[in-house]
1. Among the residues that make up segment 41-61, is at least one of them within 19 Å of Glu185 (Cα to Cα) and out of contact with any strand residue (DSSP E or B) (no Cβ under 6 Å at 6 or more places or on another chain)?
2. Could you count how many residues in segment 173-192 are touching a Lys or Arg at 6+ places or on another chain (Cβ under 9 Å) and either of a type in the set (Val, Ile, Thr) or surrounded by 11 or more Cβ atoms within 10 Å (Cβ to Cβ) (or both)?
3. Could you list, in sequence order, the residues of segment 159-187 that are assigned to a strand (DSSP E or B), under 18 Å from the mean Cα position of the chain (by Cα) and at pLDDT 90 or above?
4. For segment 127-136, indicate whether the set of residues that are more than 19 Å from Ala30 (Cβ to Cβ), surrounded by 14 or more Cβ atoms within 10 Å (Cβ to Cβ) and of a type outside the set (Ser, Thr, Tyr) is non-empty.
5. If I filter segment 188-208 down to residues being in a strand (DSSP E or B) and of a type outside the set (A, V, I, L, M, F, W, C), which single residue comes out as farthest from Tyr70 (Cα to Cα)?
6. Within segment 124-158, count every residue that is among the hydroxyl-bearing types (Ser, Thr, Tyr), out of contact with any Lys or Arg (no Cβ under 6 Å at 6 or more places or on another chain), outside any loop (DSSP other than H, G, I, E, B) and modelled with pLDDT under 90.
7. List pairs: first residue in segment 120-148 and closer than 23 Å to Pro66 by Cα and among the basic types (Lys, Arg), second residue modelled with pLDDT under 80 and assigned to a loop (DSSP other than H, G, I, E, B) anywhere in the structure, Cβ distance under 7 angstrom, at least six positions apart or on different chains.
Amino acid sequence: MRKSITLLAMALPLMASQFAVADESPALRAKLEQVATLKANFSQVVTDINNKQIQKGNGVFALAYPNQFYWHLTEPDESLIVADGTDVWIYNPFAEQVSVMDLNQAITASPIALLVHRDEATWAQYSVSLKGECFDIKPKSVDAGVESVKVCFKDKTLTQMVLEDQQGNVSSFELSDQTPITDAEKSLFKFTLPDDVDIDDQRLNAVN
């Protein structure tokens, strides 16, 4: 369970000091609007607070407006995250467990969900600064699940996402082989519940 939520924080990016003079969130949102849909391969490197590599991995990432994304880590250990527009599903095949949460809960756990979110109130919870072609995003609340996130572009292409958690671990994701989502690939954003798995329903309106 903890590994699944950690993956969400690592999968799912966006930073600058909360005392930054200029808020670049409108510029970032304008940039994101140019990426209506996206599917790409990613390579992941995770380093600890001492800059020691602790994990490498590969997978597939996709997004589509509004509020849909897909994150499939294929190695070293498989995990799947699917945002279907309303809920976010986190599947850990090894643990045979599925967690589900509201989209806004997922944004709190990982600002990567901002990539497909346009709600004004949600964006107001983050400070955004621009450094070159990279946007640094920092939660204004100290209770957020991440310390900072960075997203980088080359022209209109999203090329890199970097996330630092509150323990000092840094997860860097390099994107490659990007294409728009085809009609056939829209099924990526529909999660099919596997048989014989435990379900941890964390949605705010869930009935216990």
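The values are calculated or read from the model by the stated rules, or taken from the named source; none is laboratory data. Keep in mind it's a predicted model, so treat the numbers as computed, not measured. Here Cβ is always computed from backbone atoms with ideal geometry, including for glycine, and neighbour counts include all displayed protein chains.
1. Checked against the condition, which is being within 19 Å of Glu185 (Cα to Cα) and out of contact with any strand residue (DSSP E or B) (no Cβ under 6 Å at 6 or more places or on another chain), segment 41-61 yields no hits at all.
2. Looking only at that region, the number is 7.
3. Within segment 159-187, Thr159, Gln160, Met161, Val162, Val170, Ser171, Ser172, Phe173, Glu174, Leu175, Ser176, Gln178 meet the criteria.
4. no
5. The selected residue is Asp198.
6. Qualifying residue count for the region: 2.
7. Within 7 Å, the pairs are Lys138/Met15; Lys138/Ala16; Lys138/Ser17; Lys138/Gln18.
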